[in-house]
Amino acid sequence: MPLKWKSKVLLAKVETAYGTDPTPTGELNAILATEVRLTPMEGQDVSRNLELPYLGAQPTIPTELHQRLSFRVELTPSGTAGTPPPWGVLMRGAACAEVIEVDTSVTYNPVTNAHESVTFYLWIDSTLYKMTGARGTAVVRVTAQGIIYIEFDFTGLFTLPSETPQATPTLTAQIANKPKVATTANTPVFTVNGTSLVMRSFALNFGNQVETRFLIGSESVVITDKAETIETTVEAVPLTTLDPFALAFAQTTGAVALTHGTQAGLTAALAIPAAQMQRPQSLENQQNIKEWPLRMVPLPTSGNDQWTLTLT
């Protein structure tokens, strides 16, 4: 009997000790995801290179085994100010700190040290794929008239898949917490250098450099560097209003702000205090309207403050 691709359960839980399975459960750790993709057995095939009296293929040994898991989640807060959303564990696994102010806010920001790791359980039909020691990167992606997503890409340690009954995920609250698409009404703030712009699309790439490190005595996935980038397409305005060419020429930094949502418990505000404008490389014609594809680099000011995502 064939296994159904669409029958999936995804669980995620932060590890207390690196690579040690904290046993996520369907009741507490279910993730509502879309576009799930898994590469279950990444690595190398090392040839034995045997010298034999006859021609033929060589036997190989699989090494540096690891897994990659990518998916999207809706960027929708929990619905209660001060309560982390289910996807908060994913942000923590992507080298972000989670700061909770009770009954008020949850804030995420990039961190340099003490990166947390995550264990994933992914069922596709009856097959369970476990991935421990996972760390990753992400992109916050906004498209006009579309759902706002965070796209995650995780790398983790290899475990042999098994045939295990699916966990029963508790997803009722996540499904009921319907996202608001990005519109003028739902996304009331988008500014660059203090100037409100008409935006077609926006992407903040965390730019985490995720590396596998397989040595004798230690096998792990580590984040060794990060370099955030912003790409956005906006309606062009007079240069007297905003001049991205002059800003790029002068290597100027400025603030970028984006707020989605207007209700308590369902508002997400992205703040980039010092984004350096890079060279605009093209102009675009959309419906005979001139648009600018802009590129910016979020720079740290005092450190670990390139951007913040605050849920209120």
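The values are calculated or read from the model by the stated rules, or taken from the named source; none is laboratory data. The structure presented is a predicted model; accordingly, all values stated were derived computationally and were not measured. Reconstructed Cβ throughout: ideal geometry from the backbone, glycine too, with neighbour counts over all protein chains shown. Heavy atoms of the whole protein, side chains included, go into the accessibility calculation; ligands, DNA and RNA do not. Shrake-Rupley method; radii C 1.70, N 1.55, O 1.52, S 1.80 Å.
For the stretch 167-312, how big is Rg over Rh, using alpha carbon atoms and the Kirkwood form of Rh?
Rg/Rh: 1.06.
Pairs of Cα atoms under 8 Å, at least six residues apart: use those to get the relative contact order of the chain, whole percent.
With pairs under 8 Å counted, the relative contact order is 18 percent.
Quick one: putting +1 on the C-beta of Lys and Arg, -1 on the C-beta of Asp and Glu, what dipole do you get for the chain around its Cα centre, in Debye to the nearest 20?
The calculation lands at about 540 debye.
Counting pairs of Cα atoms in the stretch 103-256, how many percent are more than 28 Å apart?
Looking at the stretch 103-256, the distances longer than 28 Å represent 44 percent of pairs.
Would you please give the residues with an amide H less than 5 Å from that of ALA94, counting only those at least 5 places away or on a separate chain, with H modeled from the backbone geometry?
Result for ALA94 returns GLY136.
Which residue, THR170, PRO273, PHE190, has the largest displacement toward the positive end of the dipole of the stretch 152-295 when charges sit on each Cβ (Lys, Arg +1; Asp, Glu -1)?
PHE190
Report in % the part of the accessible area of the chain that belongs to carbon and sulfur, leaving out ligands and nucleic acids; probe 1.4 Å.
About 53 percent, which is the carbon plus sulfur part of the accessible surface.
Non-local amide H neighbours of VAL234 (under 5 Å, H modeled in plane, Pro and chain starts lacking H): which ones?
ARG200, TRP292, LEU294
Output wanted: per-residue J couplings in Hz (rounded whole) for the stretch 110-115, from phi through Karplus 6.51 cos²θ - 1.76 cosθ + 1.60, θ = phi - 60°, x for Gly and Pro.
For the stretch 110-115, the Karplus curve yields x, 10, 8, 10, 6, 5 Hz.
Compute the semi-axes of the equivalent ellipsoid of the chain, taking the square root of 5 times each eigenvalue of the Cα gyration tensor, and list them largest first in whole Å.
Three semi-axes, in Å: 38, 25, 19.
Highest mean first, what order results for 104-112, 166-174 on Cβ atoms within 10 Å?
The peptides rank, most packed first, as 104-112, 166-174.
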